[in-house]
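Scroll down for the structure; my scribbles are underneath it.
Readers should treat all values here as calculations from the given coordinates under stated rules, not as data from a laboratory. Everything quoted here is computed from the prediction, not taken from an experiment. Here Cβ is always computed from backbone atoms with ideal geometry, including for glycine, and neighbour counts include all displayed protein chains.
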């Protein structure tokens, strides 16, 4: 049975571990889905995801702290061609939006830059 002091120490250790963990990447790929996290304190509007310069998806709004999941099979080009997950690899993901104060949001994920790619705010 834990004493109060032991329980407090365990709780403190868990809080320190959670506070020291790195923040999540704003763009990740998992199970043929692009996942975009709005890690800011402002809502985003007119969110547009572009994969490999041609395939797009988007949403009118992504709330602060919100998450957008975009299956690759749902993405298409301007001519209506769908992304074929059996024949194509993702090498680049661009996310553009406008925040609630009118500022530009511009994120990029590039394959081959470490195991999870890299995200750059431009």
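Between residue 77 and residue 63, the simple spin-label model (points 7 angstrom out along Cα→Cβ) gives 3.7 nm. Fewest neighbouring Cβ atoms within 10 Å first, the residues 84, 46 line up as 84, 46.
With the simple model of a label 7 Å out from the Cα in the direction of the Cβ, residue 48 to residue 110 spans 2.2 nm.
Each Cα pair under 8 Å and six or more residues apart adds its sequence gap; the mean of these over the residue count of region 23-121 is a relative contact order of 26 percent.
If the segment from residue 98 to residue 5 were pulled out straight at 0.36 nm per residue, it would be longer than the present Cα-Cα gap by 28.7 nm.
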